[in-house]
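Beneath this line is the structure, given in structure tokens, with notes to follow.
FYI, it's all coordinate maths here, none of it is from the lab. As the structure is a computational prediction, the values presented were derived from the model and not from experiment. When we count neighbours, we look across all protein chains shown, and the Cβ atoms used for this are built from the backbone with ideal geometry, even at glycine.
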Amino acid sequence: MHSDSHTATAQQGTQYPPQAEPSAEVLATSPGQHQVIRRNGKVTGFDASKIEVAVTKAFLAVEGGNAAASRRIHEVSKEVAGQVVDSLFRRAGTQGMTVHIEDIQDHVELALMRSGHHKVARAYVIYREQQSQKRAAEAAEQGADEQAEAATLNVTRADGTLAPLDEDRLQAVVAEACAGIEQVDGEKILTEARRNLFDGVAEKDVSTALVMAARVMIEKEPNYSEVTARLLMDALRREALSFVHGRPEEATQAQLAERYADYFGAYIKRAAELELVDSELTRYDLERLGAALKPERDLQFTYLGLQTLFDRYFIHSDGTRFELPQAFFMRVAMGLAINEIDREARAIEFYNLLSSFDFMSSTPTLFNSGTLRPQLSSCYLTSVPDDLDGIYSAIRDNALLSKFAGGLGNDWTRVRGMGAHIKGTNGKSQGVVPFLKVANDTAVAVNQGGKRKGAVCAYLETWHIDIEEFIELRKNTGDDRRRTHDMNSANWIPDLFMKRVAEDGDWTLFSPNEAPDLHDLIGADFEKRYSEYEEKAARGEMRVYKTMKAVDLWRKMLGMLFETGHPWVTFKDPCNLRSPQQHTGVVHSSNLCTEITLNTSDDEIAVCNLGSINLAAHIGDNGELDQAKLERTVNTAMRMLDNVIDYNYYSVPQARRSNMRHRPVGLGIMGFQDALYKLRLPYASEAAVEFADASMEAVSYYTIKASTDLAEERGRYESFPGSLWSQGILPIDSVEKLAETRGDYLQMDSTQRLEWDKLRKRVKKVGMRNSNTMAIAPTATISNICGVSQSIEPTYQNLFVKSNLSGEFTVINPYLVRDLKDRELWDEVMVNDLKYYDGSVQPLDRVPEDLKALYATAFELDTRWLVEAASRRQKWIDQAQSLNLYMAEPSGPKLDALYKLAWVRGLKTTYYLRSMGATHVEKSTVADSSRANKLNAVSGGQQASEPEAPKACSILDPDCEACQ
């Protein structure tokens, strides 16, 4: 049989008739669109029938060809061939694919085994090995010149001309990519890449072949992620250099290191000419900035991180990306330093912080800094008034804010409820829900030019007469005109409701036009006034109201949360009683991702600018938090965030007015789970909770101090007088204000470690530059860029396929792999086992117990540990946290206990409740057909018998980047 046959088959010692070359493209397209690479690099068209013929001959060779068996063999061969074609091309869609003949033969071998035809498969394996040895012997006899001539491939240049493949450069690029990285093999990458090259291949596709060759090895060795990123950089360099200099150009990383500064100056000027960056950037000392670039930092990316930057962040012209990583970070830094006195020095300072991954600005800042419209803010909070003009003005503001990448939180509590009297028409209101429907459709319509859907969260207080309809907004049943399938929602819950639930009391719903002051009242004042309205209702003095058992409404809220993922549970009183800005207004809602707690009114739309510290990067070699480095990082980060306020583009005047008056920012953290791995602390442990406490205390201390330093240099924020800050009341002290109204319903740890008295005195004397300073955002995208775990999240799974707007990526826990290697447990069996068990090590007997504890994943933790750690952080934070809660098997009693615990522990907000319904790893390469492709970890698919789990922007919703 010919060695390049579609599916060469043989019984040991027997050779069979030649078969045609296999073609590697799927049946989703016409056969002619798929191509097969032969071993000599030549390409032929794919013919699916040849696989069936080859499989039939394999069966005939093993089982004989009598008439009785022929019909069965024909049917089985057709079935096996169909499985091969399907597995080869199921991802092709409507596009043609090119595969190597060896890949086809691998799939034939696997299909025979999965179908139980072990004798035929064994014969097939033996025959392939015989043919491989035969080819090797023939190659040994062949002269070197003949081998070279036979192996030479040509590439097609961009201008259509042919040129020999530059093997020397290919080897140099791979060697450079592997340099300094342990347990990777450049020759394996080259061998795999050559299998996917053919005579006449497009020159630009050579780099892609290298990337794909390294990418498939990541699941077995995580270090290949860095190698893959470096190989991707080769393609990026070619694209960027060619565009900037106007001629085909390529460079290795070493060559680029010598030319990065020249490229940078040319890139800024070209981007300005194309009106993609502000022309003010060309007035910087580009030579000085170019000399400050650190090309070696291009080598620190994981594949997911670099691909994400390339696909979604780098500046491009008609699809051509010409911004390289260090130029990208410097462009962002230049925008943030544009109003500084010595702006080159500050730009270099900001660049060093960003490019080191010690801190990362939020996605809107990375997108737009240095551009013609620098909309850098992450979040906007609005309060909707109770009149038609005000409602539609608020929806218009939503559209304008959403157009330029802002995530929105809307407070709808003031809008009168169903059945309330309308004086102007002497009619009755249809309630808040129809207007929410309009807001939902506006968010879908204004989608940032197709970049992503508008992202909005509606908030409603628990006493609103429409609350029962509000919590059903995301149901898939009922009147669709009263459903909002694309908008998030959240309950804004006063403490009195939680007390009534705990005490099995009654709860009365009102329309806000009859109880207007409840919207602005908090704590004891709210409780007093609410009781007075209840008394009025009992006397028949209220037109629209409803009394029910508080626990019945609570159960319905939790039931809808489990069923639809909404509304989220957020708490009004801790957000207000602990707010530094109580003297200037009321916090009426949080934002899209529940971490921002700022005042809103008709005159002010709250704005917040976000950035996150990479906590893992601040764990020293001694296994402790590096306080000195953390302080340096915080100082620079706070300056960057404060600069956003003056530099930012504001699409509505109320947002500018609010931001200039109060100057709030939100400094958060990411990489918390990575830090725990470095410290060898299981997430579900008292030690991890203590670390959450101590690390956030340090962040809080240095953040507040940095804001006082800025106040000393630049002046206090305008509304500082009268704030909690001005009274020397810091976030840790404001817990007492909450305790005064909560009593026994508040249980928060009060441990302090640092010199807070000294800082209190400084805050009172010097003042603060920023009304609010801290908030922990989801960071799903920027944590990918930095190659660390997102935000404060536990590990999702130790091995899964992550799907986002940049494609699919195998994500494997490098810390786990390192530990398994140290104990000589990392092998192909372990990889297969991890796939089989959805990335979990818990069912694996050979994994030691200490590793099982350390590498327990999100759904394997008792959710209460997440709440306990969050409570310790919350005492230090003047805003809130995006806190996802994971529960493998939710139930009414479990949810009741969990959310009551969150309230008692003093949390301000919670985010998504995530269950197991649609969260499993895709087993696309597990050699077990009974479990293969069970579920996809991140695409949102689900088995028919399981309800779909609510999507969370942290992993399951890659569209949303507002707070990341």
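If you average the C-alpha positions of the range 574-638 and of the range 293-346 separately, how far apart do those two centres end up, in angstrom? Their Cα centres are 25 Å away from one another. With the convex hull constructed from alpha-carbon coordinates only, the range 162-321 shows a mean projected area of 9.9 nm² over all directions.
With 18 Å as the limit on Cα-Cα distance, the pairs of K678/K852; K220/K835; K765/K875; K572/K875 that go past it are K765/K875. On a 0 to 90° scale, report how tilted helix 627-647 is relative to the longest principal axis of the chain, with both axes built from alpha carbons and the result rounded to the nearest 10. The angle comes out at about 70 degrees. The long axis of helix 892-904 is offset from the longest Cα principal axis of the chain by roughly 60 degrees. Per-residue extension of 0.36 nm, minus the Cα-Cα distance of A445 and M212, leaves a gain of 80.2 nm for this segment. May I ask you to list the residues of the range 535-557 whose amide nitrogen lies under 17 Å from a point 7 Å from Cα along the Cα→beta-carbon direction of K475? Of the residues in the range 535-557, 552-557 have backbone N under 17 Å from the label point off K475. Spin-label model, R864 to R529: label points 7 Å out along the Cα-to-beta-carbon direction sit 3.7 nm apart.
Remark on the chain: Rg and Dmax equal 30.9, 106 Å (Cα only). Cβ-Cβ distance of R247 and A345, R₀ of 41 Å, FRET efficiency by 1/(1 + (r/R0)^6): the value works out to about 0.75.
Projected label points at I422 and R680, each 7 Å from Cα along the beta carbon direction, are separated by 6.9 nanometres.
For a straight C-alpha distance cut-off of 20 angstrom, the lysines reachable from K536 (same-chain residues fewer than eight places away being disregarded) are K528, K546, K549. Output the antiparallel fraction of DSSP beta bridges having both residues in the chain, as a percent to the nearest 5. Within the chain, antiparallel bridges account for around 45 percent of the total. In plain terms, the chain from E79 to R661 could stretch by 202.4 nm, reckoned as 0.36 nm per residue minus the Cα-Cα distance. Computed from the Cβ-Cβ distance with R0 of 35 Å, the FRET efficiency linking E824 to K119 stands at 0.50.
In which sequence would T508, T365, T191 go, from the one with the fewest C-beta neighbours within 10 Å to the one with the most? Walk me through the intermediate numbers first.
Values: T508 21, T365 28, T191 11.
Final ranking by Cβ density, sparse to dense: T191, T508, T365.
Residues whose amide H lies under 5 Å from that of F359, counting only those 5 or more places away or on a different chain, are N614; hydrogens are built 1.01 Å from N in the peptide plane.
Which FRET efficiency value, to the nearest 0.05, is calculated for E129 and E889 with the Förster distance at 56 angstrom and r the Cβ-Cβ distance? Walk me through the intermediate numbers first.
Values: r = 48 Å, r/R0 = 0.86.
Plugging the Cβ-Cβ distance into 1/(1 + (r/R0)^6) gives 0.70.
If a spin label sat at a point 7 angstrom from the Cα of D106 along the line to its beta carbon, the backbone N atoms of the range 196-212 nearer than 16 Å would be those of 196-197, 209-212.
What is the sum of charges, Lys and Arg at +1 and Asp and Glu at -1, for the other residues whose Cβ falls under 10 Å from the Cβ of F322? Display every interim value, and only then the final one.
Working: positive: R270, R321; negative: E239, E323.
Local charge sum for F322: 0.
May I ask for the net charge around E534, where only other residues with Cβ less than 13 Å from the Cβ of E534 are counted and Lys, Arg are +1 while Asp, Glu are -1? For residues surrounding E534, the net value is 0. Considering helices alone, the calculated mean residue ellipticity of the chain at 222 nm is -14000 deg cm²/dmol, with DSSP H runs of length four and up weighted by -39500 (n - 2.57) and normalised per residue.
The simple spin-label model puts a point 7 Å past each Cα toward its Cβ; for D626 and L754 those points are separated by 1.7 nm.
Converting phi to 3J(HN,Hα) with the Karplus coefficients 6.51, -1.76 and 1.60 and the offset θ = phi - 60°, the range 554-561 yields 4, 5, 5, 4, 5, x, 5, 4 Hz in sequence order, with x at every glycine or proline.
Our coupling estimate for the range 316-331, obtained by passing each phi through the Karplus curve with A = 6.51, B = -1.76, C = 1.60 and θ = phi - 60°, is 9, 10, 6, x, 8, 7, 10, 10, 8, x, 5, 5, 4, 5, 6, 4 Hz, Gly and Pro reported as x. A straight Cα-to-Cα reach below 26 Å connects K134 with the lysines K42, K50, K57, K119, K188, residues fewer than 8 places away in its own chain not being considered. How far is helix 731-742 tilted, in degrees, relative to the longest principal axis of the Cα atoms in the chain, given as a value from 0 to 90 rounded to the nearest 10? The helix 731-742 is inclined about 60 degrees to the chain. Ordering N426, V446, P574 by the projection of their Cα atoms onto the charge dipole of the range 379-584, which places +1 on the Cβ of Lys and Arg and -1 on the Cβ of Asp and Glu, puts V446 at the extreme positive end.
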